[in-house]
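The next block holds one structure in the form of structure tokens; read it before the comments.
What follows is calculated from the coordinates using simple rules that are stated; it is not laboratory data. Predicted model only: the values in this text are computed from it and were never measured. Glycine gets a Cβ as well: all are built from the backbone with ideal geometry, and neighbour counts include every protein chain shown.
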Amino acid sequence: MLELSVACLAYVLHGEGATLPQKERIASVVINSSKNIESLCDEVYRPNRYEYIEKLKYGQIKMPARADILKNEIIALKVIQNKTYLKYNYHYFHDDRIDPRRNPFRLPVKEQVGNLYFYWPMIILKPKYIRALYLGYKNIHPFDKYQLPHPRHIQFKVIASDEFMGLFDVEPMRICISKTLCITFNDVKETLLHEMIHLTMYYSLGYKNYDEHSKDFYRLVYKVAKVYGLDNKKI
Ligand SMILES: [Zn+2]
């Protein structure tokens, strides 16, 4: 079954991606859109899903050389075995024949790799989602013991900064997350946790230098990273 999945994925990688970074992201699209690794072929042959596959199906292009497919099978196998696709949360992509400003998927967050644009599946980032995440984190370990403010006392804002992933202000108390830099759900989560640590330093622990990345700040980062199984460098 895995062999078949690898073969199907290889055809998409061959036809749709030119470089390895593109192929890795395309693989993530195929795998994320599929029920599981075993059923990748269903996804690959889904009607009107991948242009190259459609053209092959209808004989509009000739079959690729066996050597090209073999090369891409190796990439496909590596992506599956190393779980590279987990790094990306993409579900859609298109090439530069479509202007991304037309926003064909109605999804604002994307990454450009060469001539390809990749889209994140999350619904448009809204303040109410950040608020909901905040409320969850506030009430569970390790933040629960710090008695953080109720979300009604905090303004949650989505910004379009290409300088800061997130910001924490005190007057008024505000947490901002950049939709430009937070590409994946993990980015949003890690950025929110980062800002919540600033908030904890300020609100619960009374640090004057709450906005600095001090030793005490990092002590909290390690604690949070451990609880949530995250990379502490990313928080
Ligand atoms: Zn910071």
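Mind counting the residues in the stretch 177-198 that are of a type outside the set (Lys, Arg) and closer than 16 Å to residue 111 by Cβ?
Of the residues in the stretch 177-198, the ones of a type outside the set (Lys, Arg) are 177-178, 180-188, 190-198.
Adding the requirement that they be closer than 16 Å to residue 111 by Cβ leaves 178, 180-188.
Residues in the stretch 177-198 being of a type outside the set (Lys, Arg) and closer than 16 Å to residue 111 by Cβ: 10 in total.
Annotation: of all residues in the stretch 19-69 being surrounded by 14 or more Cβ atoms within 10 Å (Cβ to Cβ) and in contact (Cβ under 8 Å) with a residue 60 or more places away in the chain, the one that is farthest from residue 94 (Cα to Cα) is 69.
Among the residues of the stretch 220-235, not one is outside any loop (DSSP other than H, G, I, E, B), charged (D, E, K, R) and within 14 Å of the ligand (Cβ to nearest atom).
Here the stretch 187-210 is the region considered, the condition is being more than 18 Å from residue 143 (Cβ to Cβ) and of a type outside the set (Lys, Arg), and the residue that is farthest from the ligand (Cβ to nearest atom) is 187.
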